[in-house]
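First the structure, in the form of structure tokens, and then the observations on it.
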Amino acid sequence: MSRRNKILVPEARRALDDLKAQVAGTMKSEDAKFETAREVGVPLKKGYNGNLTTREAGKVGGRLGGSMVRELVKMAQENLRKQ
């Protein structure tokens, strides 16, 4: 069963995409998952990827999402220090 996280503030989509590209070290957010997959050795390609195992897909999504969360926590901590 696939799960989609809904962005509570739709206007934040662009900033989240920029953050995704930043943590993956790419210029475009669309390339972030492919760069992350390459780094962890998962054969992700454009189009259909139904041959990937759940573990392989989780490696990509988990690493990318975890990096984004860590960066957001750092940003929040910096904002709290400034107050």
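The values are calculated or read from the model by the stated rules, or taken from the named source; none is laboratory data. Note that this is a predicted model, so its numbers are computed, not measured. Because the Cβ atoms are built from the backbone with ideal geometry, glycine has one as well, and the counts that use them run over all protein chains shown. For the accessible areas, the whole protein counts, side chains as well, though only heavy atoms, and no ligand, DNA or RNA atoms are used. Shrake-Rupley method; radii C 1.70, N 1.55, O 1.52, S 1.80 Å.
A few remarks follow.
- Considering segment 26-52, the residues that are under 14 Å from Gly65 (Cα atoms) and among the small types (Gly, Ala, Ser) include one that is most open to solvent (accessible area, probe 1.4 Å), namely Ser29.
- A search for C-beta distances below 7 Å between a residue of segment 37-64 that is closer than 22 Å to Ala21 by Cβ and any residue that is small (Gly, Ala, Ser) and in a helix (DSSP H, G or I), counting only pairs 6+ apart in sequence or on different chains, returns Leu44/Ala37; Val60/Ala37; Leu64/Ala24; Leu64/Ala32.
- Among the conditions (1) modelled with pLDDT of 90 or more; (2) under 26 Å from Ala76 (Cβ atoms), the only one that Leu52 does not satisfy is (2).
- Note on segment 18-60: residues that are at positive phi and β-branched (Val, Ile, Thr) amount to 0.
- Applying the condition of being open to solvent by 70 Å² or more (accessible area, probe 1.4 Å) and either in contact with a Leu (Cβ under 6 Å, 6 or more places away or on another chain) or charged (D, E, K, R) (or both) to segment 53-66 and asking which residue is nearest to Ala12 (Cα to Cα) yields Arg63.
- Within this structure, Val69 passes the test of being of a type in the set (Val, Ile, Thr), open to solvent by 40 Å² or more (accessible area, probe 1.4 Å) and outside any loop (DSSP other than H, G, I, E, B).
- Each residue in segment 10-25 was checked for being surrounded by fewer than 15 Cβ atoms within 10 Å (Cβ to Cβ) and among the hydrophobic types (A, V, I, L, M, F, W, C), and 3 of them qualify.
- Every listed requirement among (1) surrounded by fewer than 16 Cβ atoms within 10 Å (Cβ to Cβ); (2) in contact with a Leu (Cβ under 9 Å, 6 or more places away or on another chain) is met by Asn5 save one, (2).
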